[in-house]
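Asks: Questions regarding the structure given below will be posed in turn.
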Amino acid sequence: MTRLRRALLPAIALGALALSSSSASRAQAATASPGNAGANPTSVTTVGTFRVEKYGAGSPAMVFIPGLSCGSWVWDGAVKTYAKTHAVYVVTLAGFDGLPAASGPAMDGADASLLALVTGEKLKRPVIVGHSLGGFLALRFGEEHSDLVSGIVAVDGLPVFPTLAQSTPEQRGSIADSITSQIATATHDQYLDTQKKTLAAMVTDPAQVDRVADLAAKSDPKAVAAYANDLFRSDLRPALPKLTAPTLEIGPVPTTPAAFEGPQAATESMADRAAGYKAFYTSLFPAAPNVTVVMIPNSKHFIMIDQPKALFDTITAFVAKLPS
């Protein structure tokens, strides 16, 4: 089994709500429970297609974007960590977490809303942080507006959907249409069942799987399908030379190898497995001038739930080195 294929496991989770998965490891890890921010926003506004919650004050401002089917709750730990020293803006995309879906192209609407937030709030070179789909949006924004940001952080969000990295645009489009039609036509019960099966491969603590699935189930499946379709079709790699802002890509390294990795994976050290994952993630950033890749061991796709301290320590160290 090649390193390339092994590294696909956590990256698949970028669009995993569109897919079913096999059973996952039940290894325990330090976890953070989503949906318990413990803080009240100083304001809640609508910007473009976004709902925007603001917390705290201080520079640089930090903008947090959730992933596919997730609301602001996925970044509760970030609010607790950064609102004491930074202005924190947590967005929820249209159609997610009970918000009505927006008309028009999903990804373009989100990108325009992010620009409207940065310019409308007069944010001076904020740090844009995104998870999964939100990480992809952060990278895309960095390509288009590196002059407006001090840094970009993508948490298991990559410039191209990993399993489609070698596909042609036509192949990606065909696969996108096929998969996302299944999401859009699923019943509520089918949708929730698929989420729970998939999330078992994305969250280490089984006690958190149902909680995350119940929160994610508040999202409109048709909106999820629209964002997923745009994501599967997209490839940011040709424009990566324009991503000049300092960029941090953070990926997970699961504690237990998946069954498809083969028996040899079980004998590797965590350091060797992490090196393989890092090599694959790095390969998806060709010609990017200022990208650092860091892997977080003993975590799955929802790193902020599995290993919150390691994740936020990594982000904090990155932000501390950014030019003021």
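Asks: Are any residues in the stretch 222-234 surrounded by 21 or more Cβ atoms within 10 Å (Cβ to Cβ) and either part of a loop (DSSP other than H, G, I, E, B) or among the β-branched types (Val, Ile, Thr) (or both), and if so, which ones?
Replies: VAL224 - this is the single residue of the stretch 222-234 that is surrounded by 21 or more Cβ atoms within 10 Å (Cβ to Cβ) and either part of a loop (DSSP other than H, G, I, E, B) or among the β-branched types (Val, Ile, Thr) (or both).
Asks: In addition: Would you check if there is a residue in the stretch 110-120 being free of Cβ contacts under 8 Å to residues at least 40 places away in the same chain and within 21 Å of ALA216 (Cα to Cα)?
Replies: No: zero hits.
Asks: Of all residues being modelled with pLDDT of 85 or more and part of a loop (DSSP other than H, G, I, E, B) in the stretch 202-221, which is nearest to SER132 (Cα to Cα)? Just the residue, please.
Replies: MET202
Asks: Same structure again: Please specify each residue of the stretch 281-313 satisfying the condition of being of a type in the set (Ser, Thr, Tyr) and surrounded by fewer than 20 Cβ atoms within 10 Å (Cβ to Cβ).
Replies: THR282, SER283, THR292
Asks: Which residues, taken from the stretch 153-189, are surrounded by fewer than 16 Cβ atoms within 10 Å (Cβ to Cβ) and assigned to a helix (DSSP H, G or I)?
Replies: PRO169, GLU170, GLN171, GLY173, SER174, ASP177, SER178, SER181, THR185, HIS188, ASP189
Asks: Looking only at the stretch 246-273, filter to residues that are in a helix (DSSP H, G or I) and at pLDDT 80 or above; which one of those is surrounded by the fewest Cβ atoms within 10 Å (Cβ to Cβ)?
Replies: Ranking the candidates gives THR267 first.
Asks: Looking for something surrounded by fewer than 24 Cβ atoms within 10 Å (Cβ to Cβ) and out of contact with any helix residue (DSSP H, G or I) (no Cβ under 8 Å at 6 or more places or on another chain) - is there at least one such residue anywhere in the stretch 128-143?
Replies: For the stretch 128-143, residues surrounded by fewer than 24 Cβ atoms within 10 Å (Cβ to Cβ) and out of contact with any helix residue (DSSP H, G or I) (no Cβ under 8 Å at 6 or more places or on another chain): absent.
The values are calculated or read from the model by the stated rules, or taken from the named source; none is laboratory data. What you see is a predicted model, and the numbers here were worked out from it, not measured in a lab. Cβ: placed from backbone, ideal geometry, glycine included. Neighbour counts: every protein chain shown.
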